[in-house]
Amino acid sequence: MRNTALSHKHIELGAKMVPFAGYNMPVQYEGVNAEHLTVRNGVGVFDVSHMGEFILRGPNALALIQKFSSNDASVLFDGKVQYTCMPNGKGGIVDDLLIYRVSENEYFLVVNASNIEKDWAWISSLNDLGVEMENVSDAYSLLAVQGPKAALALQELTDIALSEMVYYTFKHGNFAGVENVLISATGYTGSGGFEIYVKNEDAEKVWDALFRAGAAFGIKPIGLAARDTLRLEMGFCLYGNDIDDTTSPLEAGLSWITKFTKDFTDSDFLLNQKKSGLKRKLVAFEMIDRGIPRHDYLIKDSLNNVIGKVTSGTMSPSRQIAIGMGYVATEFSIVGTEIFIEVREKSIKAKVVALPFYKV
């Protein structure tokens, strides 16, 4: 069990700590619902320092990214971020990740905590272009300050005009007295905000500054459980649940990050899959009858035939209804279709809906 640079802070605050991706992480403080609503309506801070960060440098850095990324990184410019995934050569997904273009010959990659070693090995196996690779995951802390009041709460800590930053862009600058901090207008909650990358030695200083500056705006620490309910309300995929080595980006509704304007790993396979038609699709659903869907619960049709499985599910704190996502046979993927979730050996009625579940 590894600690982040801030694990002691969470323990001091009384957080419930759990093992996650090999780290000792805060799952909740005052409770999932309260923390969820703090982010939806105000501002909250997540310690997500367990995430992985790689740097790719050199004149062939973009060429390497174009090989492993389903998205087209050639459209990036300095200060721009892109969401993408890495197909695994068998039609599945190695991981989903963010790509930051620092300069023409330098890119900063952010990968999932549980996949750091796997992703490093995968990218390395494709690097026959002499690209310099550096795994800086152990050197960086990552704080996600999320919610509609995030820009107001943070503005006194930096000269960067936070409210003017465009979604999925980033800047380097002085933040809370620390030089060269990467501030990114990204997040995993759907309620706006920023992600702040700092060296581990500066993490506590920045954490304390955040809470002093945000006190007037009701800023609070938020655990990973609320991060999960927030992302699910937006329909954001979670690796290991909604996407993995057995799911294609097209099946997962990620055709918007699958660009056939270039060659990349599995591009021929995925193009054929698109042309021949998908056999299953990831859908969103709301429960009609009472019951909460959970990962791996069976999805059935009206005749009790199994048509798929739940990948994510919860009681939506914002809407107070049970929601979920799961893969179903394509003919059951149309919005409005009635499906049934097997909850404790009972078939509970639900319906397929359009995402997001919650509209900001």
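Since every read-out is calculated from the coordinates, none of them should be taken as a lab result. Please read these numbers as outputs of a predicted model, since none were measured by experiment. Glycine gets a Cβ as well: all are built from the backbone with ideal geometry, and neighbour counts include every protein chain shown.
Please build a GNM for the chain, connecting alpha carbons under 10 Å apart, and tell me which residue among Lys67, Lys149, Lys279 fluctuates the most.
Lys279
Pairwise over distinct Cα atoms, reciprocal of the mean inverse distance: report the Kirkwood radius of the chain in Å, one decimal place.
Here the Kirkwood hydrodynamic radius works out to 21.3 Å.
Please give the peptides 321-333, 44-56 ranked by average Cβ packing (other Cβ atoms within 10 Å per residue), highest first, as a rough proxy for protection.
Packing proxy ranking, top to bottom: 44-56, 321-333.
Report, by chain and number, residues whose modeled amide H sits under 5 Å from the one on Ile339, excluding near sequence neighbours (fewer than 5 apart, same chain).
For Ile339, the qualifying residues are Ala350, Lys351, Val352.
Which semi-axes, in whole Å and largest first, does the equivalent ellipsoid of segment 235-353 have when worked out from the alpha carbon gyration tensor as the square roots of 5 times its eigenvalues?
28, 15, 12
Under the Karplus relation 6.51 cos²θ - 1.76 cosθ + 1.60, θ = phi - 60°, what is the ordered set of whole-Hz ³J(HN,Hα) values for segment 344-360, x standing for Gly and Pro?
These are the phi-based 3J(HN,Hα) values: 6, 6, 10, 8, 9, 5, 8, 9, 6, 10, 8, 8, x, 5, 10, 9, 5 Hz.
Report the full-extension gain for the segment Ser124 to Met1: residue separation times 0.36 nm, less the Cα-Cα distance, to one decimal in nm.
Fully extending the segment from Ser124 to Met1 adds 41.7 nm.
On a C-alpha basis, how far is the centre of segment 327-342 from the centre of segment 220-239 in Å? Whole number, if you could?
24 Å
Sequence-distant or interchain residues sharing an amide H contact under 5 Å with Asn24, placed H: which?
Arg2, Asn3, Thr4
Taking other Cβ within 10 Å of each residue's Cβ, how do Thr246, Thr189 sort, fewest first?
Result, fewest neighbours first: Thr246, Thr189.
Using each residue's phi in segment 323-329, evaluate 6.51 cos²θ - 1.76 cosθ + 1.60 at θ = phi - 60° and report the 3J(HN,Hα) Karplus result to the nearest Hz, with x for Gly and Pro.
9, x, 9, x, 8, 9, 4
Leu129's amide H: which non-local residues (gap 5+, or another chain) put their own amide H closer than 5 Å, with H modeled 1.01 Å from N in plane and none for Pro or chain starts?
none
Share of antiparallel DSSP beta bridges in the chain, in percent to the nearest 5?
Antiparallel: roughly 95 percent of the beta bridges in the chain.
Enter the Cα centre distance for the pair segment 77-134 and segment 260-282, rounded to the nearest angstrom.
Here the two parts' Cα centres lie 20 Å apart.
Using only DSSP helix segments of four residues or longer, with each worth -39500 (n - 2.57), what per-residue ellipticity at 222 nm results for the chain after dividing by its residue count and rounding to 500?
-6000 deg cm²/dmol
When the dipole is taken about the Cα centre of segment 201-253, and only Lys, Arg (+1) and Asp, Glu (-1) are charged at their Cβ, what size is it in debye, to the nearest 20?
400 debye
Find, to one decimal place in angstroms, the Kirkwood hydrodynamic radius of segment 52-135, where the mean of 1/r is taken over every pair of different Cα atoms and then inverted.
12.5 Å
Determine ³J(HN,Hα), in whole Hz, for all residues of segment 313-320 in sequence, where each value follows from phi through the Karplus function 6.51 cos²θ - 1.76 cosθ + 1.60 and θ = phi - 60°; x replaces Gly and Pro.
Using θ = phi - 60°, the values come out as x, 6, 8, 5, x, 6, 10, 6 Hz.
Using alpha carbon centroids, what distance separates segment 155-206 and segment 240-255, in Å?
Taking the Cα centre of each part, segment 155-206 and segment 240-255 sit 30 Å apart.
Can you bin every Cα-Cα distance in segment 10-95 into 10 Å intervals starting at zero and give me the percent of pairs per bin, rounded to whole numbers?
Once binned at 10 Å, the Cα pair distances of segment 10-95 give 13, 30, 25, 25, 7.
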